[in-house]
Amino acid sequence: MAEEGAEPEPPADDEDVSRYGMVALTPLGLYGVRARMLEAGVDAPAVGDLAEKGAEALLDGIAYFPEASAGAETQLWLGRREPAAAARELLAAARGSDTGAPLRRLRSQQALSLVGPEAEGAVREVLDDAELGGLARVWLAEHGASDVPPPPEEMIFWLAIDTIAAQLDADGEPDELQGLVAGLTGRHSGFFDAAWRVDHPATADVLEAMGRLHPDKKAAKEARKAAFKARSRRSG
């Protein structure tokens, strides 16, 4: 199975393919397969299921959707709401310190990127929020807003930890994350000296992952030491 326009994965069993062939389901066929899956108790979401639900249900629901499906679901959700109201709802749903919160914030940021300039007032309301202030500054900068206050250093490092935690949750440890990790530490000298002090629930886990992912052995060792300090800080 594959999304429309995408190449299907290679068949797992060539013998079955040679015996039975391969078929492409029509829209009616897809509907029928999904109906049977739902009857069997299988979770089989379809684009549009979340359009009338709250922002938290949207962000949790699309957390592991393929990119195209997540974008389509978000567009439908936004189409039923005024931009400012949608932005406020997304930002409120993005708060939290639970394990799923970083990925909710990432999905919220991606959803907000689809909202027009009418949302600027709502986004500015959270500039001083410890969890959302960095996200808000990114949105304002991307939309060419003026008078965007520079983030305090503490917020920069918190956002870095939060972003990597979200990427780890979404994708595991893909090769692309290596570039993000190397670039981040390259732009901020002394990154690990400051990062282990970040008051984020995922700090130690993120630093451990950075130790595994960083291509430079010296930096990887610094990341592991920082992770140890972060765990000692939280346990103490």
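Scanning segment 106-126 for any residue that is assigned by TED's automatic domain parsing to the domain that holds Ala194 and touching a residue at least 60 places away in the same chain (Cβ under 8 Å) turns up nothing. Of all the numbered requirements in (1) in a helix (DSSP H, G or I); (2) at pLDDT 95 or above; (3) not aliphatic (A, V, I, L, M), His200 misses one, and that requirement is (1). Residue-level check: of (1) crowded, with 21+ Cβ neighbours inside 10 Å; (2) touching a residue at least 60 places away in the same chain (Cβ under 8 Å), Pro201 misses just (1). If I filter segment 187-194 for residues that are under 29 Å from Glu125 (Cα atoms) and either among the aliphatic types (A, V, I, L, M) or assigned to a loop (DSSP other than H, G, I, E, B) (or both), do I get at least one hit? Scanning segment 187-194 turns up at least one residue that is under 29 Å from Glu125 (Cα atoms) and either among the aliphatic types (A, V, I, L, M) or assigned to a loop (DSSP other than H, G, I, E, B) (or both).
Yes or no: segment 42-55 includes at least one residue that is at pLDDT 90 or above and not basic (Lys, Arg). Checking segment 42-55: at least one residue is at pLDDT 90 or above and not basic (Lys, Arg). Taking segment 168-181 as the range and being part of a helix (DSSP H, G or I) and surrounded by fewer than 16 Cβ atoms within 10 Å (Cβ to Cβ) as the test, the residues that pass are Ala170, Asp171, Asp175, Glu176, Gln178, Gly179.
For segment 105-123, the set of residues classified as under 17 Å from the mean Cα position of the chain (by Cα) and of a type outside the set (A, V, I, L, M) consists of Arg105, Arg107, Ser108, Gln109, Gln110, Ser113, listed by residue number. When Ala195, Ala182 are checked against the criterion of being of a type in the set (A, V, I, L, M), out of contact with any helix residue (DSSP H, G or I) (no Cβ under 6 Å at 6 or more places or on another chain) and touching a residue at least 24 places away in the same chain (Cβ under 8 Å), Ala182 stands alone in meeting it. Of the numbered criteria (1) under 20 Å from the mean Cα position of the chain (by Cα); (2) outside any loop (DSSP other than H, G, I, E, B), the one Val126 fails is (2).
Within segment 67-100, being in a helix (DSSP H, G or I), within 12 Å of the chain's Cα centre (by Cα) and touching a residue at least 40 places away in the same chain (Cβ under 8 Å) holds for one residue alone: Ala70.
The values are calculated or read from the model by the stated rules, or taken from the named source; none is laboratory data. These numbers come from a predicted model, not from an experiment. Every residue, glycine as well, gets a Cβ built from its backbone with ideal geometry; the counts of neighbours run over all protein chains shown.
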